[in-house]
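Structure, as structure tokens:
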Amino acid sequence: MTIKAVLFDLDDTLLWDERSVEEALQATCRAAAEAAAVDPAELEQALRREARALYESYETYPFTVNIGINPFEALWGRFSGGTDEQFRKLQKLAPEYRAEAWTRALHSLGIDDAKLGRELGERFPIERRARKYVYEETFEVLDNLKGRYKLLLLTNGSPDLQQEKLDGVPELVPYFDHIMISGNYGFGKPDIRLFQEALRQLNIKPEEGVMVGDKLTTDILGANTAGIHSVWINRRGLTADGGILPRYEITSLRELQVVIDGIE
């Protein structure tokens, strides 16, 4: 069987988004500790808890689940792109959400300071935008694949936010023949329609493609449903559960070529 194309997820597959978020949260919490008597680690945990609960309370939540926009992206995203009216609601809601999430986190630790909460809500986006991390093997692997296979980037999220991430690492974009952002389509991974559109753009059969991603519930489930070879990049040594099993599992992108060679 000949593999003609490789589909990649973006966040925590090629870009190290988790590190960016973690470091930005830590920096913002340290700034809070300088302004108030609060433990940075405790504030971070409180923020994660309060932000998620608040995020899930908004009427936009089902839409964000469908598109694939998580609470921490909403803590720094502008949502100025996308044609769906739900993006305009998110655009209006985002500043309030950021301020309220931090204010509630402070309040849960006994600090009633809405002004500081708003300042932290404005600080986190700055800290997050200052941190652009790419896994060390990303460009090495893409260099090896480029020209030998068609390459497609398939990412969930808001069009403007995902584009901002790509703009932050401009050397990444030229590797790809196609870039698909779920917010431009009205549905996200694991929706089979997104994978079918990717196959259409690549002009390949399902069995001629390989999908590489870090999330079982989106990347792997969607690829499995569409009949595409699924490769789970599992850098953290997690265990596949919930009935979603990748066809292949790797711990580094450097192992991908061996998987492709095995298929072929």
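Listed by position, the helices (runs of 4 or more DSSP H) inside region 37-79 whose residues that are in the same structural domain as Glu119 (by TED's automatic domain parsing) and more than 15 Å from the chain's Cα centre (by Cα) number at least 2 are 40-57, 61-67. Considered as a group, the residues in region 23-36 that are hydrophobic (A, V, I, L, M, F, W, C) and part of a helix (DSSP H, G or I) include one that is surrounded by the most Cβ atoms within 10 Å (Cβ to Cβ), and that residue is Ala32.
Here the condition is being closer than 26 Å to Ala198 by Cβ, among the β-branched types (Val, Ile, Thr) and modelled with pLDDT under 95; of Thr2, Thr64, Thr13, it holds for Thr2 alone. From the set of residues in region 124-180 that are acidic (Asp, Glu) and touching a Leu at 6+ places or on another chain (Cβ under 7 Å), which is surrounded by the fewest Cβ atoms within 10 Å (Cβ to Cβ)? Residue satisfying both the conditions and the ranking: Asp177. So, of the residues in region 53-110 that are in contact with a helix residue (DSSP H, G or I) (Cβ under 9 Å, 6 or more places away or on another chain) and at positive phi, which turns out to be surrounded by the fewest Cβ atoms within 10 Å (Cβ to Cβ)? Selected residue: Gly82. Close Cβ contacts (under 8 Å, 6 or more residues apart or on different chains) running from residues in region 69-84 that are without any contact (Cβ under 8 Å) to a residue 40 or more places away in the chain to residues that are of a type in the set (D, E, K, R) and crowded, with 23+ Cβ neighbours inside 10 Å comprise Ala74/Arg98.
Put simply, of Arg128, Arg104 the only residue that is within 16 Å of Gln162 (Cβ to Cβ) and at pLDDT 95 or above is Arg128.
The values are calculated or read from the model by the stated rules, or taken from the named source; none is laboratory data. Source: prediction; values computed, not measured. So basically every Cβ, Gly included, is an ideal-geometry build from the backbone, and we count neighbours across all protein chains shown.
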